[in-house]
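These notes are about the structure you will find just below.
The values are calculated or read from the model by the stated rules, or taken from the named source; none is laboratory data. The shown structure was predicted, so the numbers you read here are calculated from the model rather than taken from an experiment. Ideal geometry is used to build each Cβ from the backbone, glycine not excepted, and the neighbour counts take in all protein chains shown. Note: accessible area is taken over every heavy atom of the protein model, side chains too, but ligands, DNA and RNA are not part of it. Shrake-Rupley method; radii C 1.70, N 1.55, O 1.52, S 1.80 Å.
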Amino acid sequence: MTIKTQPAINLLCFSTETSLIGLGQFVRVKASEIYNEAVKSNLEITGPIYWIYYGMDGYPETNFKLDIGVPVQKSKTTSNGFSCKTFEKMEFATCIHVGSWEKFPQSYAVLIKEIMDSGRSLNGITREVYINIDFDNPENNLTEIQLGLVS
């Protein structure tokens, strides 16, 4: 487990409320729409796509808030249901998940156990940063899992 602090970051986002069961409808759809909106709005993209979960507890039917966004240099008013948001500085525990997203539960379990063993507490914010996405060969996926910590 690695502990990091990320400074405030601007993201062009799509926001919704969903559950783990409902996530599939956004895969391969929203990232493309967000990138297209960023280009159309002349926003400078500064990093990979983020999925940010608020209150996700791992149970398939639990509803939670979800932001899917791409980092941009500066916030700007956009259209088509997207918004620029500034995400405040956050301390988090992190690990790199290599491979299929179907194996996320194993990576999450190890990271959560390490956090609990260290005596730290989760703040309810989970971020997945999609460093490399390979839909044809999921074993090539590279995702940074970030679990927010109470300061």
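Using amide H atoms built 1.01 Å from N in the peptide plane, name the residues 5+ places from CYS84, or on other chains, whose amide H lies under 5 Å from its own.
Here CYS13, LYS76, THR78 satisfy the definition.
Determine the share of region 48-151's accessible area contributed by carbon and sulfur atoms, expressed in whole percent, with a 1.4 angstrom probe.
53 percent
To the nearest 10 Å², what's GLU88's accessible area with a 1.4 Å probe?
The accessible area of GLU88 comes to roughly 130 Å².
At a 1.4 Å probe radius, which order do SER19, SER151 fall into by accessible area, largest first?
My answer, sorted largest first, is SER151, SER19.
Per residue, how large is the accessible surface of region 2-151? Use a 1.4 angstrom probe and give square angstrom.
Normalised by residue count, the accessible surface of region 2-151 is 54 Å².
With an 8 Å cut-off on Cα pairs and a minimum separation of 6 or more residues, tell me the relative contact order of the chain in percent.
It comes to 30 percent, rounded to a whole number.
Using θ = phi - 60° and the Karplus curve 6.51 cos²θ - 1.76 cosθ + 1.60, what whole-Hz ³J(HN,Hα) does each residue of region 124-137 get, with Gly and Pro shown as x?
Working through the residues one at a time gives x, 10, 10, 10, 10, 10, 8, 6, 9, 10, 9, 5, 6, 10 Hz.
I'd like the orientation of helix 104-118 relative to the chain: the angle between its Cα long axis and the longest Cα principal axis, in ° from 0 to 90, rounded to 10.
Long axis of 104-118 versus the principal axis of the chain: about 60 degrees.
Which distance in nm do the two modelled labels at THR16 and LYS65 give, with both placed 7 Å along the Cα-to-Cβ direction?
1.7 nm
Calculate the spin-label point distance for ASN132 paired with LYS85, positioning each point 7 Å from the Cα along the beta-carbon direction, and give it in nanometres.
So the label points at LYS85 and ASN132 sit 2.9 nm apart.
When only the heavy atoms of the protein chains count and the probe is 1.4 Å, how do ILE45, ILE52 rank by accessible area, highest first?
Correct descending sequence by accessible area is ILE45, ILE52.
Helix 30-40 sits at what angle to the longest principal axis of the chain, using alpha carbons and giving 0 to 90 degrees rounded to 10?
Helix 30-40 sits roughly 40 degrees off the main axis of the chain.
How big is the Rg/Rh ratio for the chain, C-alpha atoms only, Rh by Kirkwood, two decimals?
Result: Rg/Rh = 0.95.
Using 0.36 nm times the number of residues separating THR77 and ILE3, minus their current alpha carbon distance, what extension gain do you get?
Net length gain for the segment: 23.3 nm.
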